[in-house]
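Presented below is the structure to which this report refers.
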Amino acid sequence: MTLLRISDLAVSYRKVPAVRDVGLHVDAGEVVAVVGESGSGKSTTAHAAIGLLPRGGRVDGGSITFDGRDLLSLSDKKWRGVRGREIALVPQDPAVSLNPVHRIGDQVAEVLKIHGLADRRSASVQAIELLERAGVPDPALRARQYPHQLSGGLRQRVLIASALAGRPKLIIADEPTSALDVTVQRRILDHLTSLARESGTAILLITHDLGVAADRAARIVVLSQGSVVEEGSSVVSAPTHPYTQQLLAAAPSMTSTVRPPAPAAEPLVSVRDLAKTFDGGIRAVDGISFAIPRGQTLALVGESGSGKSTTARMVLRLETPSAGSVEFDGQDITALAGAELRRLRRRMQIVYQNPYASLNPKFSIEDVVAEPLRAFGLPRTRVPELLEQVALPSSVARRKPAELSGGQRQRVAIARALALRPDLVVCDEPVSALDVSVQAQILRLLAELQSELGLSYLFISHDLAVVRQLADQVGVMREGALVELGPAAQVLEAPRAEYTKELLDAIPGRSVQEVG
């Protein structure tokens, strides 16, 4: 039985078309995935189906029916009876979706009280049961905590618990795991799909990850520029549309790289027995050692909390180690301070995960790229050269970050990192927030810049398929320790550590990689 049917849907934002003639359906108990790049209309379609279009959004045509009812004709009052009770939403970012000043249990209980499913006392008890059902360990304790006290994976489970509270017939999951580690991602999706199977709930899964879609959905709907270009159960195994083929070709593969192996070289960075203990006795990094040769890439992989980023910050001397040493170009920099440390900063730079958050929104692109030059009293005449180096037209110099796409913003961040001609660039999850085709472009750019400029990279990632593209060596971290370290091909194709094998097994969409 068809539960949700969208026909000829057209949506615009302030008269600018965003979705054109989109049609899809979801049957009871079925998992359907909608895939496509940013701007393809995925989230707009999903938000139209639950009556939550952002300000300025308007449905211009078509129909949306749910269980035989016309959703587009519902009043706000009637929507409140549908939203959360019959159709629930699991949004992408739990850090934004959860109220930071309310306890977890109260936020789940609120859904029950709004829909009259429990009174104040019983809502608290049921909230704990829902958290347990969503796979939250020690749910009574977690119910008393605040969002900032939970990991990203646990916060996402809280959103799933809230979605389940109303016992909906349909859950719309909008990029529910895009920011999560592969093992956490697998556990979240396993739990979501098993809960749906047990209760007969349908799922409309919105994702830019074809691997996730291939693993989880009975049917896949591919959107491009606001229109459906392909739909079916064999979209991954036998794509017919050029856009789908392009997405598959861009997906990172565990069997190919974007650069040949680098020749042997002397270490630029040498880390010995490095450790970091934070206040409260939390051991974030536990006596690790590695080297980064000149012109090569060392990738550190592992789940959130494994110590990857803390290690990178100690290499950059943004954190002071509790023990061990860091050598840079033969100099011990572990206790460097003052003018010497400032001089070192010119030779080390960082590219962050979120290019929008790391660029000053008030600056023009020219000012953003020139910022490190200005900090060291250098002329800004290199800005056009730097923009050209990252394949951006000179015309972007006058624009603001908000006027650029995610991929363009990340190119700006790379240009800024190159401004002082560094020897080492730390790339902290630099492509995890990007679509696969843009991701592929940025990885190729990083490889080209490395060959051209002789850069060394410390590449932080939880995505092993991305790491395979660029890394010469791979270090696998878990709970602050290096459980495996070696050449990329050896670690990723013949791992010795059980934890590395677990990470590899959790990679979604092996069929996508084979096609790609």
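The values are calculated or read from the model by the stated rules, or taken from the named source; none is laboratory data. These numbers come from a predicted model, not from an experiment. Cβ coordinates were reconstructed from backbone atoms using ideal geometry, including for glycine residues, and neighbour counts include every protein chain displayed. We work out accessible area using only protein heavy atoms, side chains counted, and drop any ligands, DNA or RNA first. Shrake-Rupley method; radii C 1.70, N 1.55, O 1.52, S 1.80 Å.
For segment 30-67, give me each residue that is touching an Asp or Glu at 6+ places or on another chain (Cβ under 8 Å), over 16 Å from Glu175 (Cβ atoms) and either without any contact (Cβ under 8 Å) to a residue 12 or more places away in the chain or not charged (D, E, K, R) (or both).
Answer for segment 30-67, where residues must be touching an Asp or Glu at 6+ places or on another chain (Cβ under 8 Å), over 16 Å from Glu175 (Cβ atoms) and either without any contact (Cβ under 8 Å) to a residue 12 or more places away in the chain or not charged (D, E, K, R) (or both): Gly61, Gly62, Ser63, Ile64, Phe66.
If the requirement is being open to solvent by less than 30 Å² (accessible area, probe 1.4 Å) and assigned to a helix (DSSP H, G or I), which of these qualifies: Leu373, Leu359?
Just a single option satisfies the conditions, and that option is Leu373.
Quick one: in segment 52-66, of everything that is at pLDDT 95 or above and under 20 Å from Val26 (Cβ atoms), which residue is surrounded by the fewest Cβ atoms within 10 Å (Cβ to Cβ)?
So, considering only residues that are at pLDDT 95 or above and under 20 Å from Val26 (Cβ atoms), the one surrounded by the fewest Cβ atoms within 10 Å (Cβ to Cβ) is Ser63.
Each row is one residue, and each column tells you yes or no for (1) closer than 24 Å to Gly153 by Cα; (2) open to solvent by less than 20 Å² (accessible area, probe 1.4 Å); (3) at pLDDT 95 or above; (4) assigned to a loop (DSSP other than H, G, I, E, B).
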{"position": "Gln92", "(1), (2), (3), (4)": "yes, no, no, yes"}
{"position": "Ala95", "(1), (2), (3), (4)": "yes, no, no, no"}
{"position": "Gly105", "(1), (2), (3), (4)": "yes, yes, yes, no"}
{"position": "Gly116", "(1), (2), (3), (4)": "no, no, no, yes"}
{"position": "Arg121", "(1), (2), (3), (4)": "no, no, no, no"}
{"position": "Ala127", "(1), (2), (3), (4)": "yes, yes, yes, no"}
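Would you confirm whether or not segment 152-171 contains a residue that is open to solvent by 30 Å² or more (accessible area, probe 1.4 Å), in a helix (DSSP H, G or I) and farther than 23 Å from Val82 by Cβ?
Yes.
What strands (runs of 3 or more DSSP E) completely inside segment 411-516 contain at least 3 residues that are in contact (Cβ under 8 Å) with a residue 12 or more places away in the chain, more than 30 Å from Asp93 (Cα to Cα) and open to solvent by 20 Å² or more (accessible area, probe 1.4 Å)?
Filter on segment 411-516 gives 481-487.
Specify the residue that is farthest from Glu230 (Cα to Cα); the eligible residues are those in segment 1-27 that are of a type in the set (S, T, N, Q) and open to solvent by 30 Å² or more (accessible area, probe 1.4 Å).
Thr2
Can you name the residue in segment 207-245 that is in contact with a strand residue (DSSP E or B) (Cβ under 8 Å, 6 or more places away or on another chain) and of a type in the set (Asp, Glu) and is also most open to solvent (accessible area, probe 1.4 Å) among such residues?
Glu231
Failed condition for Arg186, given (1) out of contact with any Ser or Thr (no Cβ under 8 Å at 6 or more places or on another chain); (2) assigned to a strand (DSSP E or B), with all others met?
(2)
Report, by residue number, each residue of segment 311-327 that is over 20 Å from Gly281 (Cα atoms) and charged (D, E, K, R).
Within segment 311-327, Arg317, Glu327 meet the criteria.
Looking at segment 236-253, which of its residues are of a type outside the set (Ser, Thr, Tyr), touching a residue at least 40 places away in the same chain (Cβ under 8 Å) and part of a loop (DSSP other than H, G, I, E, B)?
Val236, Pro239, Ala251, Pro252
Which numbered condition in (1) touching a Lys or Arg at 6+ places or on another chain (Cβ under 8 Å); (2) more than 23 Å from Thr207 (Cα to Cα) is the only one that Ile442 fails?
The single condition Ile442 does not satisfy is (2).
Write out, first by first residue and then by second, each pair whose Cβ atoms fall under 7 Å of each other, whose residues are 6+ apart or on separate chains, and whose first residue, in segment 1-24, is hydroxyl-bearing (Ser, Thr, Tyr) while the second is in a strand (DSSP E or B) and buried (at least 21 other Cβ atoms within 10 Å of the Cβ).
Ser12/Ala18
What number of residues within segment 383-406 satisfy the criterion of being open to solvent by 10 Å² or more (accessible area, probe 1.4 Å) and either under 21 Å from Ser451 (Cα atoms) or part of a helix (DSSP H, G or I) (or both)?
Count: 13.
Test Ser304 against the criterion of being touching a His at 6+ places or on another chain (Cβ under 8 Å) and open to solvent by 80 Å² or more (accessible area, probe 1.4 Å), and give yes or no.
Against the criterion (touching a His at 6+ places or on another chain (Cβ under 8 Å) and open to solvent by 80 Å² or more (accessible area, probe 1.4 Å)), Ser304 qualifies.
Of all residues in segment 68-90, which are in contact (Cβ under 8 Å) with a residue 40 or more places away in the chain and open to solvent by less than 60 Å² (accessible area, probe 1.4 Å)?
Gly84, Glu86, Ile87, Ala88, Leu89, Val90
If you go through segment 252-259 one residue at a time, do you hit one that is out of contact with any Lys or Arg (no Cβ under 9 Å at 6 or more places or on another chain) and open to solvent by less than 20 Å² (accessible area, probe 1.4 Å)?
No: zero hits.
Determine whether Ser289 is of a type in the set (Ser, Thr, Tyr), open to solvent by less than 70 Å² (accessible area, probe 1.4 Å) and out of contact with any Pro (no Cβ under 9 Å at 6 or more places or on another chain).
Criteria met by Ser289.
With respect to Val326, determine if the residue is within 26 Å of the chain's Cα centre (by Cα) and open to solvent by less than 10 Å² (accessible area, probe 1.4 Å).
In short, no.
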